[in-house]
């Protein structure tokens, strides 16, 4: 027995056990800290892991050195706009998608897409239409919707749009509802059907109204397709 009645051997064993317990607890805490570390070391992949390739920033025109085209005009024969339609645009059967030229399967002769719309309060004002089909993604991958059309954020004069088809049409008999027909354009992508209304014949001058509808099911073999568009909005 030691001073004060304490067994020294027992005390030494207790101290030794306490040290071992503290050592084990310290090692466990260090392991937990390593597992919870959100720093750069944890995010570094092992040598055998593959690192995903960054797809890049989507923009109006393609970015990066891997782009082989900026516009569909570089991807095949460009079709001229109809001569009777000043508001129509040149178009192409091929497309520039994310900087790469592609030629989707064209619609067949029996695949007829009729775009139906009303002109509302513009009845009696509009004298002609310019119908334009544009892919819902630009050549740089920027998405577009009809809201962009109505807010006039979509500038179709940019060469970085994929214009798929364009049609001009004069009004022979004033009415409230009209139809513009599109055929044989590039299929298999989301498409904006856009019709601008003009107060002059031949789609001359500035448009006074526009109707738009986004349509995704543009595939060959559908035959006659009727697309109900929005009522024309005044510009």
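No value in this document is a laboratory result; all are computed from the given coordinates. Computed from a predicted structure; not experimentally measured. Note that we place each Cβ from the backbone using ideal geometry, even for glycine, and neighbour counts take in every protein chain shown.
Which order results if 232, 159, 226 are arranged by neighbouring Cβ count within 10 Å, fewest first? Provide the component values of the computation, followed by the final result.
Details: 232 25, 159 16, 226 10.
So the ranking, lowest neighbour count to highest, is 226, 159, 232.
Which of 111, 80 has the fewest other C-beta atoms within 10 Å, and how do the rest follow up to the most? Please list the in-between numbers first.
Numbers: 111 20, 80 10.
Ranked by crowding around the Cβ, least crowded first: 80, 111.
What distance in nm separates the simple spin-label points at residue 158 and residue 105, each placed 7 Å from Cα in the Cβ direction?
Once both label points are built, they end up 3.1 nm from each other.
In Å³ and rounded to a whole number, note down the convex hull volume per residue for the Cα atoms of segment 72-234. Before the final figure, lay out the partial values.
Working: hull volume 16.5 nm³, N = 163.
Looking at segment 72-234, the number lands at 101 Å³ per residue.
Report the FRET efficiency, 1/(1 + (r/R0)^6), for residue 142 and residue 114, where r is their Cβ-Cβ distance and R0 is 30 Å, rounded to 0.05. Don't skip to the end; give the middle numbers.
Working: r = 29 Å, r/R0 = 0.95.
Using R0 = 30 Å, I get an efficiency of 0.60.
Using the count of nearby Cβ atoms within 10 Å as a rough guide to exposure, how do 191, 219 rank from fewest to most?
Fewest-to-most Cβ neighbours within 10 Å comes out as 219, 191.
Going 7 Å from the Cα of residue 173 in the Cα-to-Cβ direction, what parts of segment 119-142 have a backbone nitrogen less than 19 Å from that spot?
The answer is 119-120, 123-129.
For segment 185-205 and segment 114-166, what is the separation of their C-alpha centers, rounded to whole Å?
Value for the Cα centre distance between the two parts: 6 Å.
Taking 8 Å as the Cα distance limit and 6 or more residues as the minimum spacing, I'd like the relative contact order of segment 70-116 as a percentage.
Rounded, it is 33 percent for segment 70-116.
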